Every structure is written in C-alpha cells, then in structure tokens.
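> Handing you this structure, nothing more for now.
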Amino acid sequence: MSTPTEPDEPLTFDAHIKPLFRERDRRSMLFAFDLWSCEDVNRHSVTILARLRSGTMPCDGAWPQERIETLQRWVDAGKVA
C-alpha cells in the first residue's frame, strides 16, 4: 500500500484507497457495493466513512484513525480515480 507522506500529497483510488481494503473486506461487502471499485466507493463514501468511524466496519476490528483520515482526504479532494 502506498502511504502518502505529506498531508498535501495527492491521493488516488488505485494507489492509496483501494489498498486500504483487504480482499476479506471486499468479499464481506459485495452484497452492497464493491470496495475495490472507485465508482462504488465514491458513491457510498459517506456510508463507508460513517461505518469506519463507528467501528462497525470492518467487522473484525476498527481501522486506525490515520487510515480513516486518508479516506476522508481522498473524499475531500474530489475522489480522484
């Protein structure tokens, strides 16, 4: 996974967001959306972020705050593919 080193470093879905989600995460959410699809994560970003913040996603343990912040930065920057 490529981790941005600077807060203003541009984030892209393929390099920074998709790798945040494990294959297990993807499989468990395919009934609703595909976590490896930029379009699906874009469309459901509000719900995904809310679940990550509440600790209900992923089902086996909460993400560290820095990972949630990376996803939020991507959303705030316009969800760049």
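> From the list R73, R53, R43, R26, which residue is touching a residue at least 40 places away in the same chain (Cβ under 8 Å) and either surrounded by 13 or more Cβ atoms within 10 Å (Cβ to Cβ) or among the hydroxyl-bearing types (S, T, Y) (or both)? Before the answer, list the steps.
Working: R53 fails: touching a residue at least 40 places away in the same chain (Cβ under 8 Å); R43 fails: touching a residue at least 40 places away in the same chain (Cβ under 8 Å); R26 fails: touching a residue at least 40 places away in the same chain (Cβ under 8 Å).
Just one listed residue meets the conditions, R73.
> Can you tell which of D25, D14, D40, D60 is among the acidic types (D, E) and assigned to a loop (DSSP other than H, G, I, E, B)?
Values: D25 fails: assigned to a loop (DSSP other than H, G, I, E, B); D14 fails: assigned to a loop (DSSP other than H, G, I, E, B); D40 fails: assigned to a loop (DSSP other than H, G, I, E, B).
After applying the criteria, what remains is D60.
Any read-out appearing in this document is the output of simple, stated calculations on the displayed coordinates, not a laboratory observation. Remember, predicted model here, so these are calculated numbers, not experimental data. Reconstructed Cβ throughout: ideal geometry from the backbone, glycine too, with neighbour counts over all protein chains shown.
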